[in-house]
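> Before we start, here is the structure in question, set down as structure tokens.
The values are calculated or read from the model by the stated rules, or taken from the named source; none is laboratory data. Since this is a predicted model, take the numbers as computed values, not measurements. Neighbour counts are summed over all protein chains in view; Cβ atoms, including those assigned to glycine, are modelled from backbone coordinates with ideal geometry.
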Amino acid sequence: MTLRLRPHHLLCVLTYAGKGYSPAFTANLTVIAGRLSAGEEVEIVAGSDDVCAPLLADPEPHCHRCSVTDRDRAAATDVGKLLGKPIASGDRLVLDDTRLRLLRSAFAAGQIRSACRDCEWADLCTSIAEDGYADAVLAVRPRQG
């Protein structure tokens, strides 16, 4: 299977430590982090994704706000620069050990954090990055073969 992630959620999964908007959101993101840890492929999507799923039943889910679309645009730009190729809807990638280390190093250094401006989770994510991602759920093993 393939996980559908919007660009800014590529950043969110780097520091996810079991906290979230609701118990359903947290349970869902924990499962997603486990699937990513197992090497499941990511497909970049525009708009709501697999992380958003538990929030979509809300009367006005924040997933549809312009500010979230702006976060996606900023994350796609930052991650694209880091990886040396544009990040767009339909792109596929695996967060293998090498890519995860690269993304986490750049995140900790503030190089791919423009999408995080004004995010309510920014301080928590900064703390997790400063602690070397010890509390992060996502733990990818190197690819075999």
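> Restrict the check to the stretch 87-102 and report whether at least one residue is β-branched (V, I, T), surrounded by 15 or more Cβ atoms within 10 Å (Cβ to Cβ) and without any contact (Cβ under 8 Å) to a residue 12 or more places away in the chain.
no
> Here is a check on your reading of the model: is D58 in a loop (DSSP other than H, G, I, E, B), modelled with pLDDT under 95 and touching a strand residue (DSSP E or B) at 6+ places or on another chain (Cβ under 6 Å)?
The answer is no for D58.
> With respect to C125, is the statement that it is under 15 Å from the mean Cα position of the chain (by Cα), over 17 Å from L3 (Cα atoms) and at pLDDT below 95 true?
No.
> Identify, by number, the condition in (1) of a type outside the set (V, I, T); (2) surrounded by 16 or more Cβ atoms within 10 Å (Cβ to Cβ); (3) closer than 16 Å to Y133 by Cα that K19 doesn't meet.
Going through the list (1) of a type outside the set (V, I, T); (2) surrounded by 16 or more Cβ atoms within 10 Å (Cβ to Cβ); (3) closer than 16 Å to Y133 by Cα, K19 breaks only (2).
> In this structure, does G84 turn out to be touching a Pro at 6+ places or on another chain (Cβ under 8 Å), farther than 20 Å from G132 by Cα, surrounded by fewer than 17 Cβ atoms within 10 Å (Cβ to Cβ) and free of Cβ contacts under 8 Å to residues at least 12 places away in the same chain?
Criteria not met by G84.
> Against the definition (in a loop (DSSP other than H, G, I, E, B), surrounded by fewer than 21 Cβ atoms within 10 Å (Cβ to Cβ), hydrophobic (A, V, I, L, M, F, W, C) and over 11 Å from the mean Cα position of the chain (by Cα)), how does A74 come out, yes or no?
Considered against the rule, which asks whether it is in a loop (DSSP other than H, G, I, E, B), surrounded by fewer than 21 Cβ atoms within 10 Å (Cβ to Cβ), hydrophobic (A, V, I, L, M, F, W, C) and over 11 Å from the mean Cα position of the chain (by Cα), A74 comes out as no.
> Identify, please: which residue in the stretch 34-54 is closer than 20 Å to E120 by Cα, buried (at least 19 other Cβ atoms within 10 Å of the Cβ) and not charged (D, E, K, R) and is, among those, nearest to the chain's Cα centre (by Cα)?
V51
> Just need a number here: residues in the stretch 1-45 that are part of a loop (DSSP other than H, G, I, E, B) and closer than 20 Å to V94 by Cβ.
Adding up the residues that qualify gives 7.
> Which of the residues spanning the stretch 112-133 are surrounded by fewer than 14 Cβ atoms within 10 Å (Cβ to Cβ) and either assigned to a loop (DSSP other than H, G, I, E, B) or in contact (Cβ under 8 Å) with a residue 60 or more places away in the chain (or both)?
Scanning the stretch 112-133 gives R117, D118, E120, D131, G132.
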